[in-house]
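We did not get these values from a lab; they are worked out from the coordinates using the rules stated. Worth saying up front: this structure is predicted, and the values here are computed from it rather than measured. As a convention, Cβ positions derive from the backbone with ideal geometry for all residues, glycine included, and neighbour counts pool all protein chains shown.
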Amino acid sequence: MTNLSVKLFDIKFKNPVWVASGTFGYGVEAQEIFDVSKLGAVVTKGISLKPRLGNETPRIVETPCGMLNSIGLQNPGVEKFLTEIYPKIEHLDTHFIANVFGESEEEYVEVCIALEDAPKVVAYELNVSCPNVKKGGIVFGHDPVVLGSLVESIKKRIKKPLLVKLSPNVTDVREFAKVCIESGADGLVLINTLLGMKINIRKKKPDLATKTGGLSGPAILPIAVRMIYQVYEAFGDQIPIIGVGGISTWEDALEHVMAGASAIQVGTANFFDPLAPIKVLEGIERYMKEEGIQDFSELIGVAHRSE
Ligand SMILES: Cc1cc2nc3c(=O)[nH]c(=O)nc-3n(C[C@H](O)[C@H](O)[C@H](O)COP(=O)(O)O)c2cc1C
C-alpha cells in the first residue's frame, strides 16, 4: 500500500499535488480536461475585495525556459467569487485554498472574513508580493515589520489556517520565514515569481507594458529548491512548507519534497501541459512503489538526512 495522503495544519489532503494560484483559474474550466477531484488541493487565482481589471497588455511574454507575466491580479472580487464561481466548484471532492491579496491590511482581513463561511475553502494563502498602498507602496513581503503586522492582524480575525506565500525577491528568505512563524502563520509557501524583464530588440523596448514582470516556469526550479532547502533547514521542525516554482515533472516535484516541501503546487506547466498535475501525481506514486516507500511523509526533507 502506498500512502500519498498528508496531514497539514490539521487538515487531511488526499495527496501532496496541488495546483498554483493564477495558473488554474478556480478549477472550473479544468473539469473538462481531467477529474479535478484527483488533486490534493486547488489554490485559487488571487482574490481581492473589489474586482480588478489587471494591467495593460502585453502582459505575458515567453523567455528561455520560462515566462514573464504582469497580469496585475485581475479577478472579479470576493463577492462575485462567492456568488458566481463558488457554486461551480463546491461539489468537487478536493480542498480549495483561497489565494488572497489586498492593497492594505484591512483589505486582506476583509477578504478572508468574507470567505470564512465557505466550507470548501479550507485555508488562505496570502500573496504578499503586492504593494501596501497605505504605507507608501512597499511590497508587504519585502519588509519584515510590514509582513509581521499583516500576518498578525489577519490571524487574530480568522479561524481557518493561514499560509503565507513568500516572495523570492529578497536577500535572505529565512528572515521573512521567521517573521511569519513568529506572527502565527500555519504554513509557508515558497516561492512566488522572480522579478524579470525581456527587451524586444526590434521595438527597442521592454516587451511587457509594465516593463517588468514575474518570471516563472522551469527556469526558476533550482531557485525554489534552494529556498525551500534553506527554510526547512532553519525552521522545518516548526512549520510545514509548500513548494512551488518550476515544477513540470514528477522528478521536479520530488526535488521540492526532498528539500523540505510537505506538498507541492504545479504552476506554469499547466499552460503547456494541462495534464501535468496528474502526471506528477502518477509519477510520485510510481517512484514510491519502485523505491519501496510506503508513506509519502518519509520523503519530506530526506535530502537533509542523506548527507
Ligand atoms: C499567469 C500567472 C498568474 C499568477 N497569479 C498569481 C496570483 O494571483 N497569486 C499568487 O500568489 N501567485 C500567482 N502566480 C504565481 C504562481 O502561483 C507561482 O508561485 C509561480 O508561477 C511559480 O511557480 P511555477 O514556476 O510553477 O509557475 C501567478 C503565476 C502566473 C504564471
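Can you give the local net charge around Leu208? Use residues other than it whose beta-carbon is closer than 12 angstrom to its beta-carbon, Lys and Arg +1, Asp and Glu -1.
Summing Lys/Arg as +1 and Asp/Glu as -1 gives +2.
Given H placed 1.01 Å from N in the peptide plane, which residues other than close sequence neighbours of Gly27 have an amide H under 5 Å from its amide H?
Amide H neighbours of Gly27: none.
Give the cross-link partners of Lys289 among the lysines, using a straight C-alpha distance below 29 Å as the criterion and excluding same-chain residues fewer than 8 apart.
Cα-Cα hits under 29 Å: Lys7, Lys12, Lys14, Lys38, Lys279.
Could you work out, for the chain, what percent of all Cα-Cα pairs fall into each 20 Å distance bin, beginning at 0 Å and stopping at the bin that holds the largest distance?
35, 60, 5
Name the long-range amide H neighbours of Asp143: under 5 Å, sequence gap of 5 or more, or other chain; modelled H, no Pro or chain starts.
For Asp143, no residues qualify.
Using the per-residue mean of other Cβ atoms lying within 10 Å as a proxy for protection, in what order, highest first, do the peptides 157-166, 183-192 fall? Could the numbers behind the result be given before it?
Working: 157-166: 20.1, 183-192: 23.7.
Packing order, densest peptide first, comes out as 183-192, 157-166.
What number, in percent, do you get for the relative contact order of the chain if the mean sequence gap of Cα pairs under 8 Å and at least 6 apart is divided by its residue count?
On the way: 686 pairs, mean separation 58.6, N = 307.
Rounded, it is 19 percent for the chain.
Any chance you could check the Cα centroid distance between the stretch 114-169 and the stretch 234-269 for me, in angstrom?
Going from one Cα centre to the other spans 20 Å.
When only alpha-carbon atoms are used, what values of Rg and Dmax, in angstrom, describe the stretch 142-275?
For the stretch 142-275, the Cα-based Rg and Dmax read 16.2, 53 Å.
When Tyr124, Tyr86, Tyr232 are ordered from fewest to most other Cβ atoms inside 10 Å of their Cβ, what list results?
On the way: Tyr124 23, Tyr86 18, Tyr232 26.
In order of increasing Cβ crowding within 10 Å: Tyr86, Tyr124, Tyr232.
For the ranges 222-228, 274-280, what's the packing order if you count other beta-carbon atoms within 10 Å of each residue, average per peptide, and put the highest first? Display every interim value, and only then the final one.
Working: 222-228: 21.9, 274-280: 20.3.
Final packing ranking: 222-228, 274-280.
Quick one: what are the phi-derived ³J(HN,Hα) couplings along the stretch 77-89, Karplus 6.51/-1.76/1.60 with θ = phi - 60°, whole Hz, x for glycine and proline?
Computed from phi, the couplings for the stretch 77-89 are x, 5, 5, 5, 4, 5, 8, 10, 9, 3, x, 8, 10 Hz.
Could I have the simple spin-label model distance between Leu275 and Glu116, label points 7 Å from Cα toward Cβ, reported in nm to one decimal?
Computed distance between label sites Leu275 and Glu116 equals 4.4 nm.
What does a probe at Ala209 reach in the stretch 61-97, counting residues whose amide N is under 16 Å from the point 7 Å along Cα→Cβ?
61, 69-75
If you average the sequence gap of Cα pairs under 8 Å that are 6 or more apart and divide by the length of the stretch 118-260, what percent do you get for the contact order?
Values: 240 pairs, mean separation 28.3, N = 143.
It rounds to 20 percent for the stretch 118-260.
Go ahead and estimate [θ] at 222 nm for the chain from helices alone: -39,500 (n - 2.57) per DSSP H run with n ≥ 4, summed, over the residue count, rounded to 500.
-8500 deg cm²/dmol, from helical runs alone.
Would you mind checking which residues have amide H under 5 Å from Asn132's amide H? H placed 1.01 Å from N; only 5 or more apart, or other chain.
Excluding prolines and chain starts, which carry no amide H, the hits are Gly137, Ile138, Val139, Phe140.
Taking the Cβ-Cβ separation of Ser306 and Lys38 as r and a Förster radius of 35 Å, what is the calculated FRET efficiency to the nearest 0.05?
0.70
Residue by residue through the stretch 98-115, which ³J(HN,Hα) values in whole Hz follow from phi under the Karplus form 6.51 cos²θ - 1.76 cosθ + 1.60 (θ = phi - 60°), with glycine and proline marked x?
7, 7, 10, 8, x, 9, 8, 4, 4, 5, 4, 4, 5, 5, 4, 4, 4, 9
Relative contact order (percent) for the stretch 185-282, with alpha-carbon contacts under 8 angstrom and 6 or more residues of separation?
Values: 168 pairs, mean separation 26.5, N = 98.
So the answer I get is 27 percent.
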